[in-house]
Amino acid sequence: RTKTQNFCRNEYNLTGLCNRSSCPLANSQYATIREEKGRCYLYMKTIERAAFPRRLWERVLLSKNYEKALEEIDENLIYWPRFIRHKCKQRFTKITQYLIRIRKLTLKRQRKLVPLRRKIERREKRREEKALIAAQLDNAIEKELLERLKQDTYGDIYNFPIHAFDKALQQQDAESESESDAEKEDEEDTDTREFVEAEDSDLSDFEDMDKLETSSEEEQEEEEEVEKKASHSTSKGKTPLKGPARRKRRYIEIEYEEETEPTTKTKAA
Amino acid sequence: GDGSGPVGAVAEDGGPLVPERVLFPPTFSVSEIKNKQRRHFMFLRWKQQQRKEKLAAKKKRRKEREALGDEAPPKAIPKTIENQRVYDETTVDPNDEEVAFDEATDEFAPYFNRQTVPKILITTSDRPRGRTVRFCEQLSTVIPNSHVYYRRGLALKRIIPQCIARDFTDLIVINEDRKIPNGLVLSHLPDGPTAHFRMSSVRLRKEIKRTGKEPTEHVPEVILNNFTTRLGHSVGRMFASLFPHDPQFIGRQVATFHNQRDYIFFRFHRYIFKSEKKVGIQELGPRFTLKLRSLQKGTFDSKFGEYEWIHKRREMDTSRRKFHL
């Protein structure tokens, strides 16, 4: 229902709107175009047959050819009011156009709408969440990567000594020089290394530092000298990971030394 | 969980006075009280008591275990769905010769023998919306040697021969519904199997927290977890054939397809070995989960294709412990 017009529900209506001039019930002489199974028919109603409801609507099949059908409408509705003739032709045009469109669309791929079942969808979603929790993806990936490392699929790229942190440093000094050439071209390592240094190396290095504090100072002093030499030739291998660690240790060691000094002074005094 | 108790306190006391050890007459059950408020209150009390008893029992058991020391019986393994999984007869035995023979002669053999280099075409259904387009782009950065082409109303049956002519080895079609991608069709081109998945929980790169920089052009490694049955094996090989066979370890990128309870989770990470026992991973790249809907023998053909496996809900979803991949 638009603001000014009602829609007519009668199936024989010509325009679709409810007017005095386009109501099939209000006019005793009326004509419509209707289509059935892709063929268009012209329906006509005249006064003479008003008493016979069964024979009221006369049906004429229109040809498939558009122009011929228009001529047929004209000859059947000759001497009929202009309004009905005009509207019939308009309706016929529109019907043929939409029939053409239907035929064209069925040739193209049609999107098939498959209805989702809500219960099933909810169930699947829930199961997926549970499966995600059960999967423990990060752990699984880390495990797999470590396994591959153990099985030597990476070859000689990573050299991890099996023993403790101290010996790792001593070995690295020998290795860093050989690795520096290979890995200097690697830009990626610097990018990701920033990430690693900032977040995790702190923790791991602090843990190791507790163990180191118990070791003798002499070793540390030696390592300091060695570290200074190595830092000049820092490569982009694993040594930068130890970089902040070394710096930190050096810093702490300095503190130790300061503490011991005043005590000796007091003793002397 | 009934015990004995002060009979009078139960009937009248709907309020806050709660004795320390709540006791009930032996034939009493919480569900018999008609008053909802009181019944609720009783039920909560009963629950609290159950929890206390459970805690006490646990402590006792732990003390006993410690007391026994070495002689204690081994800890009970909790039942998980993976433990209870119904044994699937098509589970692949690592030493199975028949399977090995099959794999040597199936459609992926040329890939695994390093004769072909994968070249992937990624496309969508009609009129992709922004999210799908971005997802396609990100996916193409993850998979090396892949190209994204827009589908402008082209029939799949017609583009397949063209793809084969241009030497593409795989075709990925991402189906979209209401502006989000929800389906994936993966088809191995020279006459290979076609797998149709339902895709869910797609996260683009900016929606993943703490993601790093973009994936580089290096060939990533591939991890395929938990593909145990024959079907799982073939699907796993399909995934493996998307990536070139020789990963570049310098790139330190890894793409993971993890199968858990028939859901395949895809993740893309960058890893770094911090020590021999520790590795750090950082997630880049999109993530999504797939659920296999059907597997067809030939290339994509919905009407006349020969289906190797279809998910039939009524038959296959009857048991919660039965999985097919």
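Take peptide A:132-139, look around each residue's Cβ out to 10 angstrom, count Cβ atoms belonging to other protein chains, and average those counts. Write out the running numbers ahead of the final one.
Values: counts 7, 1, 6, 10, 2, 11, 5, 0.
Mean shielding count: 5.
Checking every one of the trypsin sites (Lys or Arg not before Pro) in segment A:75-137 against DSSP loop status and a limit of 11 other Cβ atoms within 10 Å picks out A:K108, A:R111, A:K112, A:R117. The translational diffusion coefficient of segment B:179-231, from Stokes-Einstein at 4 °C and 1.567 mPa s with a Kirkwood hydrodynamic radius over alpha carbon pairs, comes to 87 µm²/s.
Counting Cβ atoms of other protein chains within 10 Å of each residue's Cβ and taking the mean over peptide B:265-276 gives 6. Each Cα pair under 8 Å and six or more residues apart adds its sequence gap; the mean of these over the residue count of segment B:88-317 is a relative contact order of 21 percent. Cross-link pairs exceeding 25 Å in C-alpha to C-alpha distance, out of A:K125/B:K36; B:K157/B:K297; B:K79/B:K322; A:K143/B:K179; A:K150/B:K213, comprise A:K125/B:K36; A:K143/B:K179; A:K150/B:K213.
Helical runs assigned H by DSSP (4 residues or longer) give chain B a calculated mean residue ellipticity at 222 nm of -8500 deg cm²/dmol, each run adding -39500 (n - 2.57) before division by the residue total. Chain A packed on chain B takes about 4100 Å² of accessible surface away from a 1.4 Å probe, both sides summed. Only one residue of B:M238, B:V133, B:H196 has its Cα farthest out toward the positive end of the dipole of segment B:88-317, where Lys and Arg carry +1 and Asp and Glu -1 on Cβ, and that residue is B:V133.
Given +1 at the Cβ of Lys and Arg, -1 at the Cβ of Asp and Glu and no other charges, the dipole of segment B:30-69 around its Cα centre is 140 debye to the nearest 20.
Scalar couplings 3J(HN,Hα) for segment A:120-136, obtained by applying the Karplus form with A = 6.51, B = -1.76, C = 1.60 to θ = phi - 60°, are 5, 5, 5, 4, 5, 5, 5, 5, 5, 4, 5, 5, 4, 5, 5, 6, 6 Hz; x denotes Gly and Pro.
May I ask for the longest run of chain B untouched by chymotrypsin sites (Phe, Trp or Tyr not before Pro) that are loop-located per DSSP and have at most 10 neighbouring C-beta atoms (other than their own) within 10 Å?
Working: sites that count: B:Y87, B:F304.
With a cap of 10 other Cβ atoms within 10 Å, the longest stretch comes to B:88-303.
When each pair of different Cα atoms in chain B is counted once in the 1/r mean, what is the Kirkwood radius in angstroms, to one decimal? Walk me through the numbers before you get to the answer.
Values: mean 1/r = 0.0411 Å⁻¹.
Taking the inverse mean of 1/r over all distinct Cα pairs, chain B comes out at 24.3 Å.
Under the criterion of Cα pairs below 8 Å and six or more residues apart, the relative contact order for segment B:173-213 equals 28 percent.
Report the antiparallel proportion of the DSSP beta bridges in chain B as a percent, rounded to a multiple of 5. It would help to have the intermediate numbers written out before the result.
Working: 43 of 56 bridges.
Among the beta bridges of chain B, antiparallel pairing accounts for roughly 75 percent.
The trypsin sites (Lys or Arg not before Pro) of segment B:228-325 that meet both conditions, a loop assignment by DSSP and at most 16 other Cβ atoms within 10 Å of the site Cβ, are B:K274, B:K277, B:K278, B:K297, B:K303, B:K312, B:R320, B:R321, B:K322. Surface exposure of segment A:46-139, expressed per residue as accessible area with a 1.4 Å probe, stands at 86 Å². Surface composition of segment B:30-69: carbon plus sulfur atoms hold 53% of the accessible area, using a 1.4 angstrom probe and ignoring ligands, DNA and RNA. Calculated accessible area for segment B:88-317 comes out at 48 Å² per residue, all protein chains present (probe 1.4 Å; ligands, DNA, RNA ignored). Structural descriptor for segment B:244-305: relative contact order 25 percent, calculated from alpha carbon pairs under 8 angstrom and at least 6 residues apart. The largest accessible area among B:E98, B:E221, A:E35 belongs to the first residue in B:E98, A:E35, B:E221, and the rest follow in falling order (1.4 Å probe, all chains).
Gyration tensor over the Cα atoms of segment B:30-69: the corresponding equivalent ellipsoid has semi-axes (square roots of 5 times the eigenvalues, largest first) of 35, 7, 4 Å.
What FRET efficiency comes out for the pair B:R293/B:S319, r = Cβ-Cβ distance, R0 = 25 Å, nearest 0.05?
Numbers: r = 19 Å, r/R0 = 0.76.
The pair B:R293/B:S319 has a calculated efficiency of 0.85.
Please give the helix B:230-240 orientation as an angle from the longest Cα principal axis of chain B, in degrees from 0 to 90, rounded to the nearest 10. Taking the Cα atoms of chain B, the angle to B:230-240 is about 60 degrees.
The values are calculated or read from the model by the stated rules, or taken from the named source; none is laboratory data. All values derive from a computational prediction rather than experimental measurement. Counting neighbours? That spans all protein chains shown, and the Cβs are built from the backbone with ideal geometry, glycine included. We work out accessible area using only protein heavy atoms, side chains counted, and drop any ligands, DNA or RNA first. Shrake-Rupley method; radii C 1.70, N 1.55, O 1.52, S 1.80 Å.
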